[in-house]
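The values are calculated or read from the model by the stated rules, or taken from the named source; none is laboratory data. These figures come from a predicted structure and were not determined experimentally. Cβ placement follows ideal geometry from the backbone for every residue including glycine, while neighbour counts extend to all protein chains displayed.
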Amino acid sequence: MSEPVEHRESLTERYRSPFHRAASASLSGNAGEARRRRGARRSPQRVRHAVGVLGTGMFVALACVAVILAIGWVQTQAAVDVVETQAEAIRQGELEKAYGLFSSEYRAGVSLPSFRRWLGRQAHLARNHGLSIWGRSVRGADAILWGSLQDELGHSYSVRYELIRENGTWRVDGLQLQSVGPDSLPENTRFQYI
């Protein structure tokens, strides 16, 4: 009868958890076997932990980039609002309002009648049907915005605005407008500076 008992012990040994086997190996003096079994059990845990740390790090990096972009967008939005207001005022024929959005330095160099004459030669600016800003750069009290104006035929004209901060508000300090139509060759494209 002693034989079935031995057989029963080997079956219980076979179905023991890895933890119990490692513990019994360390108690029996076989420490190398215990370390091997614990290491085999920990390896998938280490991989999962490493993947978790890497994933968390990537999430934090993406969140930081998103915050930086959001701050940049907020800083430039006031400048974009001034440019859009000026384009809308020009479209509505409110030239005094549009002229008032220029910086004091610009207004000192260009009178309202001069601005009206220049605007009369820029039909696509006077009859713009939309302004799209696709590039923004702010450094301290200076901002540069790049974009395009659409005319009544749907043609786009490149535009570049330079803005400065005066008394806490953005003012247009310069405007560069593509003077040649969009169907011309790129080397014939010129910008009008006002």
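Answer yes or no: is there a residue in the range 56-73 that is surrounded by 14 or more Cβ atoms within 10 Å (Cβ to Cβ), at pLDDT below 90 and either closer than 30 Å to residue 172 by Cα or touching a Cys at 6+ places or on another chain (Cβ under 7 Å) (or both).
No, every residue in the range 56-73 fails to be surrounded by 14 or more Cβ atoms within 10 Å (Cβ to Cβ), at pLDDT below 90 and either closer than 30 Å to residue 172 by Cα or touching a Cys at 6+ places or on another chain (Cβ under 7 Å) (or both).
Going by the structure shown, is residue 53 among the β-branched types (Val, Ile, Thr), outside the structural domain of residue 131 (by TED's automatic domain parsing), assigned to a helix (DSSP H, G or I) and more than 22 Å from residue 140 (Cβ to Cβ)?
Considered against the rule, which asks whether it is among the β-branched types (Val, Ile, Thr), outside the structural domain of residue 131 (by TED's automatic domain parsing), assigned to a helix (DSSP H, G or I) and more than 22 Å from residue 140 (Cβ to Cβ), residue 53 comes out as yes.
Among the residues of the range 126-135, are any in a helix (DSSP H, G or I), over 30 Å from residue 71 (Cβ atoms), touching a residue at least 24 places away in the same chain (Cβ under 8 Å) and touching an Asp or Glu at 6+ places or on another chain (Cβ under 8 Å)? Steps first, answer last, please.
Narrowing the range 126-135 to residues in a helix (DSSP H, G or I): 126.
Next cut, over 30 Å from residue 71 (Cβ atoms) only: 126.
Adding the requirement that they be touching a residue at least 24 places away in the same chain (Cβ under 8 Å) leaves 126.
Filter again for touching an Asp or Glu at 6+ places or on another chain (Cβ under 8 Å), leaving none.
Within the range 126-135 (the criterion being in a helix (DSSP H, G or I), over 30 Å from residue 71 (Cβ atoms), touching a residue at least 24 places away in the same chain (Cβ under 8 Å) and touching an Asp or Glu at 6+ places or on another chain (Cβ under 8 Å)), the answer is no, since none of the residues qualifies.
Return the residues of the range 98-122 that are out of contact with any helix residue (DSSP H, G or I) (no Cβ under 9 Å at 6 or more places or on another chain) and either among the basic types (Lys, Arg) or at positive phi (or both); say none if nothing qualifies.
117, 121
State yes or no: is residue 140 of a type outside the set (A, V, I, L, M), in contact with a helix residue (DSSP H, G or I) (Cβ under 8 Å, 6 or more places away or on another chain) and surrounded by fewer than 18 Cβ atoms within 10 Å (Cβ to Cβ)? Show your work before the answer.
Working: of a type outside the set (A, V, I, L, M): yes; in contact with a helix residue (DSSP H, G or I) (Cβ under 8 Å, 6 or more places away or on another chain): no; surrounded by fewer than 18 Cβ atoms within 10 Å (Cβ to Cβ): yes.
Answer is no for this residue.
Do you know which residues across the range 123-137 are modelled with pLDDT of 85 or more and either in contact with a helix residue (DSSP H, G or I) (Cβ under 9 Å, 6 or more places away or on another chain) or not assigned by TED's automatic domain parsing to the domain that holds residue 174 (or both)?
131, 133, 136, 137
I need the full set of residues from the range 99-131 which are crowded, with 18+ Cβ neighbours inside 10 Å and more than 16 Å from residue 173 (Cβ to Cβ), in order please.
122, 124, 125, 128, 131
Out of 8, 107, I need the residue that is among the basic types (Lys, Arg) and modelled with pLDDT under 85. Which one?
Criteria check complete, one pass: 8.
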